Each structure stands twice: as structure tokens, then as C-alpha cells.
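A quick write-up on the structure given underneath.
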Amino acid sequence: MKKVIVHSPASVANIVCGFDIMGFSIEDPYDKLVMTLTDKKGVTIINKDNYGLPEEPSANVIGSALLAMLAEVKEDVGFLVESTKVIKPGSGIGSSAASAAGAVVGANHLLKNCFSKKDLVRFAMSGEEVASGARHADNIAPCIYGGVTLIRSCGELDIVSIPAPELFITILHPQIEVKTSEARKVLKSDITLKDATKQWANVAGLVAGFLQNDYDLIGRSLEDVVAEPARSIFIPAFYEVKEACMKAGALGGGISGSGPSVFMFSKDQPTAENVRWAMQEVYRKKNIEFNIYVTTINKQGIRLSEN
Ligand code: HSE
């Protein structure tokens, strides 16, 4: 029996100004999948957590991603997947992407790596589509490629890894669920030329900041005039949290993916811990349950082991 254990990380999509085109994976938290190659075509999913996700493959992100992959495999093989999710669905830190991307990377290992990374992104996007109704890859690609990733094109896939300096990330996860599909519905389908200009200046600034290790430029570029104004209503005390984090020394940040999580970049770990305290201060007063992670960029992405 061929078996592999997959550790698939959470990720932060958009990186504030890069709606649907940029993301990075993080060291913590991550999901665990135990995958076994079977000799019968098809996918069997067993959930080992309490999230009550569907086990029917076509209704499940893992199943949909693997079915898309199996459609391109000639041999009669299949997969048994035991999934233990730590990344809460609807958290805004790439829960569905961790499942879909983890599954296809694990499956590819079991199939002796017959598919390219780009193929794997394509298959995993079928899983993401089940969760959010959209084929975006800004969580999946960083999970599979590791680090900061640009998805220059989602149709004819064009994925670019962007080197970045060491950054510490503080993530506030309010314990409320925001479905990506709902958070996409509130977005305007048209934006003004003025806003578009501002947004692409920030995207260019952010990429240049990453490449030149320019922390101030990274911070200045973390501004979103497209999604944040519409989505901030889903996140209790969003602007209060942001202000408190900036006062605590964060470089900048914003909504993680489609929310409700909020992330902040800091230059060093002590500042990232101060940002944690600032987030806690605001949320304690609001009587809202929350988790906070202090973590770093995961440069490797998904990790595999055999036992
Ligand atoms: N780019 C996607 C969105 C990420 O913002 O809707 C979802 O996690």
C-alpha cells in the first residue's frame, strides 16, 4: 500500500492590494491529510475532524480536485483520503485551498510526480471552485509553490514566485464564518479609473518592495481601494484593529483573503507580538471569540512525509 502524509499550510490571498492575483503561504496553521493509493478509480474521503464537511467527492474540495486529476490519469487508480482540518472553513486563511492543493500534491507523489506544479494548480482550482464559486488560485498557488506568489494569469496559467524579505505575520481570526462566495457578491463589478490607477500603483509598489527588501515601501503599498471598502463590514471592529496594529508598529496589513481574518506584516518577531497584544486588546472589549497566530512566510509550501 502506498501512503503519504501531507501537511498543507494556510495562506493569505490578495496581500491587500492584489485581489485574486497574489498570495503567500504561512508556517502555521496547517491541515493534515493521510492519502493512500488504491487500485479502484475514484476517491473516498474520511473526515477526521468535527467540521461536518461533505464526504461525497463531487461536493468536497478534496474530491473535486482529485476527480479533475483522475480524469487525466489513464490507469485504474484512486485515492483514499483521511482529512484532519485545523484551518477552520470560512476563516479567510485558505482553508479550502489547503485541502485541494494538499490533496493534489499528495496524489501526485503517489503517482510518481507525473504532473507539473502548474497542472496541480489547475486541478486544485476545481476544488476551490466548489468552495467559492470562482476559479481563483491566489491561495492554491502559494500552497503549491511556497512563498509569495503572483498569478499573472488564471486562464492560461502564468505563476511567478516573488522573492521577499523576512516578514513576521500576525493573524487575527474572529470566530465567525464569512463564506468567500458571499464576500465576492458584495464586490462592485466596475471600478473607477482613479481607483484602478491607485490599485495597480500599490501592486507594483508591493512587488518592488518585496524585491528590494524595502519594508517601508511594502507598508505604504498595503492599501486596497477595491475589496476592503466593501468587505470590511463583515469584520467586527476592522478599522479599530487596523489602527491599533499600526500604532503597535505593524508595517501594514488588511483583510486576509475574503475575511474574516485580518493579517498584519511586521519587520521582526517582537513587533509581531506587540501587534498580537494590540489585536487582543480591541477584541477582548468586543466580546467576540478569536484566535491569533504569529507566524512567518512558508517558503516551501506543502510538505510530504511517508510516516
Ligand atoms: N481572492 C479571493 C477573494 C481569495 O478575495 O475572494 C479568497 O480566499
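The values are calculated or read from the model by the stated rules, or taken from the named source; none is laboratory data. The shown structure was predicted, so the numbers you read here are calculated from the model rather than taken from an experiment. When we count neighbours, we look across all protein chains shown, and the Cβ atoms used for this are built from the backbone with ideal geometry, even at glycine.
For the reader, a short list of remarks on this structure follows.
- Flag for LEU211 being surrounded by 13 or more Cβ atoms within 10 Å (Cβ to Cβ), more than 16 Å from the ligand (Cβ to nearest atom) and over 20 Å from the mean Cα position of the chain (by Cα): yes
- Answer residue from region 79-102, given it is assigned to a strand (DSSP E or B) and buried (at least 19 other Cβ atoms within 10 Å of the Cβ) and is nearest to the ligand (Cβ to nearest atom) among those: SER83
- Counted residues, region 133-149 - those being surrounded by 19 or more Cβ atoms within 10 Å (Cβ to Cβ) and within 12 Å of the ligand (Cβ to nearest atom): 8
Condition check ((1) within 20 Å of VAL121 (Cα to Cα); (2) without any contact (Cβ under 8 Å) to a residue 24 or more places away in the chain) across all residues:
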{"position": "ILE45", "(1), (2)": "no, no"}
{"position": "LYS48", "(1), (2)": "no, no"}
{"position": "TYR51", "(1), (2)": "no, no"}
{"position": "PRO54", "(1), (2)": "no, yes"}
{"position": "PRO57", "(1), (2)": "yes, yes"}
{"position": "LEU67", "(1), (2)": "yes, no"}
{"position": "ALA71", "(1), (2)": "yes, yes"}
{"position": "ASP76", "(1), (2)": "no, no"}
{"position": "VAL86", "(1), (2)": "no, no"}
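- Residues satisfying the stated conditions in region 57-75, i.e. among the acidic types (Asp, Glu) and at pLDDT 95 or above: GLU72
- If you check VAL203, VAL130 for being closer than 27 Å to ILE62 by Cβ, within 15 Å of the ligand (Cβ to nearest atom) and in contact (Cβ under 8 Å) with a residue 12 or more places away in the chain, only one passes: VAL130.
- Those strands (runs of 3 or more DSSP E) of region 138-179 in which at least 2 residues are over 27 Å from GLY249 (Cβ atoms) and touching a strand residue (DSSP E or B) at 6+ places or on another chain (Cβ under 6 Å), considering only elements entirely within it, cover 148-153, 158-162.
- Residue within region 125-133 that is among the acidic types (Asp, Glu), within 17 Å of the chain's Cα centre (by Cα), modelled with pLDDT under 95 and not assigned by TED's automatic domain parsing to the domain that holds PRO54 present: no
- Filter result (over 17 Å from LYS185 (Cβ atoms), in contact (Cβ under 8 Å) with a residue 24 or more places away in the chain and small (Gly, Ala, Ser)) within region 133-158: ALA141, GLY146, GLY147
- For region 241-283, the set of residues classified as within 16 Å of the ligand (Cβ to nearest atom) and more than 22 Å from GLY18 (Cα to Cα) is empty.
- Hits in region 214-231 - residues which are touching a strand residue (DSSP E or B) at 6+ places or on another chain (Cβ under 6 Å) and either free of Cβ contacts under 8 Å to residues at least 12 places away in the same chain or acidic (Asp, Glu) (or both): ASP224, GLU228
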